[in-house]
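> Sending over a structure as structure tokens; questions will come in a sec.
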Amino acid sequence: MHSNAMSSGASGHAASNGRAEVNGRADANGPVKVNGRPHTDGRVAGDGGQADGIPEATVARLPVYLRALYGLAERGISTVASEELAAAAGVNSAKLRKDLSHLGSYGIRGVGYDVDYLVYQVSRTLGLTQDWPVVIVGAGNLGRALANYGGFVSRGFTISAMLDSDPAIVGNKIARLTVRHVDELEALVARHKVAIGVIATPAGSAQAVCDRLVSAGVTSILNFAPLVLSVPEGVDVRKVDLSIELQILAFHAQRRSAARPESRPAATPGGPGDSGGGNPKATDEPSRPQVSPELAAKG
């Protein structure tokens with residue numbers, strides 16, 4: 001996610017309400033003009049945001065493409081070749097072209113992709129052409145950090161409420177929101193028409209919070225608690241476990257460290273691996289076999 005709204009030089013890609021724009025015009029669920037020419041997506045769904053048949057792996061890469069596109073737009077780039085966009089997104093160009101073909105976008109041979117229009121296509125497919133009310137349950141350090149993150153607004157997500165069960169926290173102001181007691185969860189979900197719930201509670205209470213969110217009608221949940229949530233069919237859960245990510249990084253760091261020569265034990269003089277480099281009498285003469293004193297005496 002981008003932490004700030006797009007600059008004025010980004011062709012108006014992100015409006016103040018977080019909706020994607022093309023050449024300064026927000027999506028109106030109809031044909032969109034790009035550089036004065038009408039465009040249609042064909043395969044892109046309506047307000048639901050996701051076209052039928054798009055693989056989950058492709059959906060997972062679309063936000064990465066969108067982030068790269070915003071970066072290109074900020075640099076004033078209006079068209080981009082698949083190779084350049086793929087490099088910015090960290091994928092190979094063949095995979096990128098296949099992913100974008102699911103959106104009905106194939107680019108123009110010799111020209112590439114129109115950055116403005118591709119931002120629109122990806123944003124619409126992800127459902128970012130409308131505002132999404134979000135509730136955060138858990139107002140500890142993590143919850144506070146999420147509430148204060150400015151990138152949500154610029155991407156169409158509005159933090160509508162924060163909840164906690166700690167009397168010492170309830171009533172405090174965080175990011176212009178007053179922390180409400182978790183007992184108000186169902187009422188706040190209904191009042192703000194919350195679409196997405198964020199669980200930033202300890203593991204012991206996460207499942208109960210999840211059950212209440214689902215019962216209140218929330219079908220999309222972002223879970224930061226270190227456990228796997230059990231949800232009914234039709235509820236989507238995305239899990240973010242920072243400790244697991246750190247452990248994976250530690251694994252790779254350890255392998256890189258073991259592969260470095262300086263990480264191996266230094267050879268002792270005369271021991272295995274000693275090259276004799278530290279012996280000032282060493283010459284270029286070929287080494288001679290060592291003879292024990294006993295054998296020398298017999299000779």
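The values are calculated or read from the model by the stated rules, or taken from the named source; none is laboratory data. These numbers come from a predicted model, not from an experiment. Using ideal geometry, Cβ is built from the backbone for each residue, glycine included, and neighbour counts are taken over all protein chains shown.
> State yes or no: is Ile169 out of contact with any strand residue (DSSP E or B) (no Cβ under 7 Å at 6 or more places or on another chain) and in contact (Cβ under 8 Å) with a residue 24 or more places away in the chain? Before you say what the answer is, go through the steps one by one.
Working: out of contact with any strand residue (DSSP E or B) (no Cβ under 7 Å at 6 or more places or on another chain): yes; in contact (Cβ under 8 Å) with a residue 24 or more places away in the chain: yes.
It is true that Ile169 is out of contact with any strand residue (DSSP E or B) (no Cβ under 7 Å at 6 or more places or on another chain) and in contact (Cβ under 8 Å) with a residue 24 or more places away in the chain.
> Kindly evaluate Leu249 against the criterion of being surrounded by 10 or more Cβ atoms within 10 Å (Cβ to Cβ), touching a Lys or Arg at 6+ places or on another chain (Cβ under 6 Å) and either of a type outside the set (Gly, Ala, Ser) or closer than 24 Å to Ala168 by Cβ (or both). Steps first, please.
Values: surrounded by 10 or more Cβ atoms within 10 Å (Cβ to Cβ): yes; touching a Lys or Arg at 6+ places or on another chain (Cβ under 6 Å): no; either of a type outside the set (Gly, Ala, Ser) or closer than 24 Å to Ala168 by Cβ (or both): yes.
Spelling it out, it is not the case that Leu249 is surrounded by 10 or more Cβ atoms within 10 Å (Cβ to Cβ), touching a Lys or Arg at 6+ places or on another chain (Cβ under 6 Å) and either of a type outside the set (Gly, Ala, Ser) or closer than 24 Å to Ala168 by Cβ (or both).
> Does at least one position in region 65-72 carry a residue that is within 22 Å of Arg155 (Cα to Cα), hydroxyl-bearing (Ser, Thr, Tyr), part of a loop (DSSP other than H, G, I, E, B) and at pLDDT below 95? Steps first, answer last, please.
From region 65-72, those within 22 Å of Arg155 (Cα to Cα) are 65-72; that's our starting set.
With the extra rule that they be hydroxyl-bearing (Ser, Thr, Tyr), the set shrinks to 65, 70.
Filter once more, so that each one left must be part of a loop (DSSP other than H, G, I, E, B): none.
No, region 65-72 has no match at all.
> Another question, then. Among the listed residues Ile54, Ile169, which satisfies the condition of being assigned by TED's automatic domain parsing to the domain that holds His192, within 24 Å of Leu222 (Cα to Cα) and surrounded by 15 or more Cβ atoms within 10 Å (Cβ to Cβ)? So that I can check it myself, show each step before the final result.
Working: Ile54 fails: assigned by TED's automatic domain parsing to the domain that holds His192.
None of the other options fit; the residue is Ile169.
> For Tyr117, which of the numbered conditions (1) aromatic (Phe, Trp, Tyr); (2) in the same structural domain as Arg75 (by TED's automatic domain parsing); (3) touching a Phe, Trp or Tyr at 6+ places or on another chain (Cβ under 8 Å) fails to hold?
Failing condition for Tyr117: (3).
> Being out of contact with any Asp or Glu (no Cβ under 6 Å at 6 or more places or on another chain), surrounded by fewer than 19 Cβ atoms within 10 Å (Cβ to Cβ) and assigned to a strand (DSSP E or B) is the filter here, so list the residues in region 216-246 that pass it.
Answer for region 216-246, where residues must be out of contact with any Asp or Glu (no Cβ under 6 Å at 6 or more places or on another chain), surrounded by fewer than 19 Cβ atoms within 10 Å (Cβ to Cβ) and assigned to a strand (DSSP E or B): Leu222, Asp236, Val237, Arg238, Lys239.
> Output the number of residues of region 95-116 satisfying the condition of being among the basic types (Lys, Arg) and modelled with pLDDT under 90. Before the answer, list the steps.
Here is the first cut: in region 95-116, the residues among the basic types (Lys, Arg) are 95, 97-98, 109.
Next, only the ones that are modelled with pLDDT under 90 stay: 109.
Of the residues in that region, 1 qualify.
> It is to be established whether one or more residues within region 182-195 are at negative phi, of a type outside the set (Ser, Thr, Tyr) and modelled with pLDDT under 95. Give the steps one after another, and end with the answer.
Taking region 182-195 first, the residues at negative phi are 182-192, 194-195.
Now drop any that are not of a type outside the set (Ser, Thr, Tyr), which leaves 182-192, 194-195.
If we keep only those that are modelled with pLDDT under 95 as well, we get 195.
Looking through region 182-195, at least one residue is at negative phi, of a type outside the set (Ser, Thr, Tyr) and modelled with pLDDT under 95.
> List the number of the failed condition for Ala81; all other conditions in (1) among the hydrophobic types (A, V, I, L, M, F, W, C); (2) surrounded by 15 or more Cβ atoms within 10 Å (Cβ to Cβ); (3) farther than 27 Å from Phe152 by Cβ hold.
Going through the list (1) among the hydrophobic types (A, V, I, L, M, F, W, C); (2) surrounded by 15 or more Cβ atoms within 10 Å (Cβ to Cβ); (3) farther than 27 Å from Phe152 by Cβ, Ala81 breaks only (2).
> What number of residues within region 96-136 are part of a loop (DSSP other than H, G, I, E, B) and among the aromatic types (Phe, Trp, Tyr)?
Residues that pass the stated criteria total 1.
> Which one of Ala145, Ala139 is within 24 Å of Ser243 (Cα to Cα) and either part of a loop (DSSP other than H, G, I, E, B) or touching a residue at least 60 places away in the same chain (Cβ under 8 Å) (or both)?
Values: Ala145 fails: either part of a loop (DSSP other than H, G, I, E, B) or touching a residue at least 60 places away in the same chain (Cβ under 8 Å) (or both).
Being within 24 Å of Ser243 (Cα to Cα) and either part of a loop (DSSP other than H, G, I, E, B) or touching a residue at least 60 places away in the same chain (Cβ under 8 Å) (or both) holds for just one of Ala145, Ala139, which is Ala139.
> From the list Asp164, Asp183, Asp116, which residue is in contact (Cβ under 8 Å) with a residue 60 or more places away in the chain and of a type in the set (D, E, K, R)?
Asp116
> Taking the conditions exactly as written (modelled with pLDDT under 50, in the same structural domain as Asp114 (by TED's automatic domain parsing) and in contact with a His (Cβ under 9 Å, 6 or more places away or on another chain)), does Ala45 satisfy them or not?
Numbers: modelled with pLDDT under 50: yes; in the same structural domain as Asp114 (by TED's automatic domain parsing): yes; in contact with a His (Cβ under 9 Å, 6 or more places away or on another chain): no.
Taking the combined requirement at face value, the residue does not satisfy it.
> Considering only residues that are among the hydroxyl-bearing types (Ser, Thr, Tyr) and modelled with pLDDT under 95, which ones fall in region 227-253?
Filtering region 227-253 for residues among the hydroxyl-bearing types (Ser, Thr, Tyr) gives 230, 243.
Scanning region 227-253 gives a single hit, Ser243.
> Any residue at all in region 281-290 that's at pLDDT below 95 and surrounded by 10 or more Cβ atoms within 10 Å (Cβ to Cβ)? First the steps, then the outcome.
Here is the first cut: in region 281-290, the residues at pLDDT below 95 are 281-290.
Now drop any that are not surrounded by 10 or more Cβ atoms within 10 Å (Cβ to Cβ), which leaves 282.
Yes: region 281-290 contains one or more residues that are at pLDDT below 95 and surrounded by 10 or more Cβ atoms within 10 Å (Cβ to Cβ).
> Where the second residue is modelled with pLDDT under 50 and the first is of a type in the set (D, E, K, R) and lies in region 43-68, which pairs have Cβ atoms under 9 Å and are six or more apart or on separate chains?
So the pair list comes out as Arg43/Ala51; Asp47/Asn29; Asp52/Arg43; Asp52/Ala45; Arg67/Met1; Arg67/His2.
> Shifting gears a bit: Could you check region 107-154 and list, in sequence order, the residues that are under 30 Å from Val182 (Cβ atoms) and crowded, with 23+ Cβ neighbours inside 10 Å?
Restricting attention to region 107-154, the residues satisfying the condition of being under 30 Å from Val182 (Cβ atoms) are 126-128, 130-154.
Those that are under 30 Å from Val182 (Cβ atoms) and crowded, with 23+ Cβ neighbours inside 10 Å: Leu128, Val134, Val135, Ile136, Val137, Gly138, Ala139, Gly143.
> State yes or no: is Leu213 under 26 Å from the mean Cα position of the chain (by Cα) and either exposed (fewer than 14 other Cβ atoms within 10 Å of the Cβ) or outside any loop (DSSP other than H, G, I, E, B) (or both)?
Details: under 26 Å from the mean Cα position of the chain (by Cα): yes; either exposed (fewer than 14 other Cβ atoms within 10 Å of the Cβ) or outside any loop (DSSP other than H, G, I, E, B) (or both): yes.
Here the answer is yes, as Leu213 does meet what is asked.
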